[in-house]
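Visitor: One structure coming up, written as structure tokens, with questions to follow.
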Amino acid sequence: MHLQLKIYRSIVVVSCLAMLLSCSGSSEKKESDTKEISTETETEEKPEGLSLTQRQMSAVGIEIGLVEKRNLDAIVKANGQLAVPPQNKADVSILSGGIINHIYVLEGQQVKRGQILATIANQELIKIQQDYLAAKNNFTYIQAEYERQTQLKAAGAGTGKSFQLAQATYNAERSRLTSYQSQLRQLGISSAKISEGNIVSQFPVVSPISGTVGHVIANTGAFVDPGTSIMEVVDNSKIHCDLTVFEKDLMQVKVGQKVAFQLTNQNNQLITGTINGINKSFENESKGVVVHAVINNSEHKNLIPGMYVTALISTGSQLTSAVPVEAVVRSQGKQYIFIVTEEEEENGKEKKVSFKKQEVTTGVSELGYIEIKPLNPLAKNVKIALKGAFYLESKSAGGAEEE
């Protein structure tokens, strides 16, 4: 009997615990359901736009107005680099081999055309001068004999054979002498000074153009072969820009169009220029055509061949819908403007303005205005937020406190 009583009490305790757990679970489920309903209600009741009073708009600098029609310059964006024409860049080479005796210039130094840059020692140079002097002295005798035979022929005293022989010898020796003079002139040596007995063992290397000395390749004491370039001289006064324009934009680019250049490695300095030439063939397989533009470097900025630039080619103006640049905001990779959906006064109180975000794409920009292309057509005479769009974007995203 006593055992039966204990079993009965245990069954009662277990039953009570089960009932308590069931009630607790039901309560939690109800609370969870209530929260979900509440959240859904809040989400559904959250308004799509936002409203501000006139006082709030003035406080944060929001201004509203109409979308304007403006003539904005259409542009083609291209990349390229600075270069100089072939006639403004020279390799300083030598005609005759030898040992560099002296180099008179440094890299980056300004030089004039004809200025001596270095001297080359060459023992064969002495032989050329000796041959020249021998040919000159021999030519003096040949010339005298030719003149004598000419006089005899004119007087009818000489023979035609003697005159012809003297004439042929004269022409051959004169050509030989002229050849030696040309060689000496190319080496920068004066034949007149040699005739006076001034024999030299080295010849100067002169600058072929005026400009700036570039990379100096050789050193003093080095032997250089004929035709070897020992340095370069670059004239940057005629520097231009070679731009790559791709096939899709090529028909819009024409000679005479204005270009704005931005130097990518020079604190984005801006310079201007003009298109002056368009190649007629594609570069390799890039489907790009090289377009040449002269640069207006009136401020004498330090422009160096090889600098990379970003260029904006102006292809003409067009009437487009435009807004101030600050009226467009970016969010999650998209662009938006804020349009006014309603303006009302509440019971004679302060006016209240409601805004709604509208997605757009943008085009060309100029003088603080940018072209917009709404994804959905805008209503006629619709007003938008011209200033303060960033604040509206922050407030619509929950980043600003309610006032």
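The values are calculated or read from the model by the stated rules, or taken from the named source; none is laboratory data. Note that the coordinates shown come from a computational prediction; the quantities given were computed from them, not determined experimentally. Note: areas computed on protein heavy atoms with side chains; ligands, DNA, RNA excluded. Shrake-Rupley method; radii C 1.70, N 1.55, O 1.52, S 1.80 Å.
Visitor: Divide, for region 85-155, the radius of gyration over alpha carbons by 2.2 N^0.38 Å, where N is the residue count.
Guide: On the way: Rg = 21.6 Å, N = 71, 2.2 N^0.38 = 11.1 Å.
Normalised Rg, Cα atoms only: 1.94.
Visitor: Here's another thing I want to ask about it. Going by amide H atoms built from the backbone, whose H comes under 5 Å of the H on THR315, apart from near neighbours?
Guide: It is ALA74, ILE75, VAL76, by chain and number.
Visitor: Applying the Karplus parametrisation 6.51 cos²θ - 1.76 cosθ + 1.60 with θ = phi - 60° to the phi angles of region 160-165, what ³J(HN,Hα) value in whole Hz is obtained for each residue in order, glycine and proline being reported as x?
Guide: x, 5, 5, 5, 5, 5
Visitor: Need one number for region 170-243: average projected area of the convex hull over its C-alpha atoms, nm².
Guide: That works out to 8.8 nm², a quarter of the Cα hull's surface.
Visitor: Given a 1.4 Å probe, how much area per residue of region 143-258 is accessible, in Å²?
Guide: On the way: 6900 Å² over 116 residues.
Averaged over the residues of region 143-258, the accessible area is 59 Å².
Visitor: Ignoring ligands, DNA and RNA, what percent of the accessible area of region 218-292 is carbon or sulfur (1.4 Å)? Intermediate results must be reported in sequence, preceding the final value.
Guide: Working: 2200 of 4410 Å².
The computed percentage sits at 50.
Visitor: Starting at the first residue of region 279-286, write each ³J(HN,Hα) from the Karplus equation 6.51 cos²θ - 1.76 cosθ + 1.60 with θ = phi - 60°, in whole Hz, x for Gly and Pro.
Guide: 5, 10, 8, 6, 7, 6, 10, 7
Visitor: If you don't mind, another one. Calculate the all-directions average of the projected area of region 320-372's alpha-carbon convex hull, and give it in nm². If you can, show how the numbers build up before the last one.
Guide: Values: hull surface 19.1 nm².
Mean shadow area of the hull around the Cα atoms is 4.8 nm².
Visitor: D for region 62-196, whole µm²/s, Stokes-Einstein with Kirkwood Rh over alpha-carbon pairs at 25 °C and 0.890 mPa s: what number?
Guide: 115 µm²/s
Visitor: Here is a further query. Kindly write out, for region 211-224 in residue order, the coupling ³J(HN,Hα) from the Karplus curve 6.51 cos²θ - 1.76 cosθ + 1.60 (θ = phi - 60°), rounded to whole Hz, with x marking Gly and Pro.
Guide: Going residue by residue, I get x, 10, 5, x, 5, 8, 8, 8, 10, 4, x, 7, 8, 10 Hz, with x marking Gly and Pro.
Visitor: Ranked from the most accessible area to the least, with a 1.4 Å probe and all protein chains present, what is the order of LEU319, LEU133, LEU187?
Guide: LEU319, LEU133, LEU187
Visitor: Given a 1.4 Å probe and every protein chain left where it sits, what share in percent of the accessible area of region 294-385 is carbon and sulfur?
Guide: Values: 2440 of 5450 Å².
Roughly 45 percent of what the probe reaches on region 294-385 is carbon or sulfur.
Visitor: Also, quick follow-up: How large a share of the accessible area of region 72-122, in percent, is made up of carbon and sulfur atoms when the probe is 1.4 Å and the other protein chains stay in place?
Guide: After summing per-atom areas, the C and S share lands at 49 percent.
Visitor: Counting only the heavy atoms of the protein chains, how much of GLU107 is accessible to a 1.4 Å probe, in Å² to the nearest 10?
Guide: 110 Å²
Visitor: Can you send over the solvent-accessible area of TYR104, 1.4 Å probe, protein chains only, in Å² to the nearest 10?
Guide: 110 Å²
Visitor: Still on this structure, please answer the following. 5 Å is the cut-off here: which amide hydrogens, built 1.01 Å from N in the peptide plane, fall below it relative to ASN276, excluding neighbours closer than 5 in sequence?
Guide: GLY256, HIS292, ALA293, VAL294
Visitor: Once you treat every alpha carbon in region 59-118 as an equal point and sum by Debye, what is log10 I(q)/I(0) at q = 0.19 Å⁻¹?
Guide: Treating every Cα as an identical point scatterer, log10 I(q)/I(0) equals -0.99.
Visitor: Please list, ordered by chain and number, the residues whose modelled amide H lies under 5 Å from the amide H of LEU95; skip anything fewer than 5 residues away on the same chain.
Guide: Result for LEU95 returns GLY227.
Visitor: Over the Cα atoms of region 140-200, what Rg and Dmax result, in angstrom?
Guide: Values for region 140-200 (Cα only, Rg and Dmax): 15.6, 47 Å.
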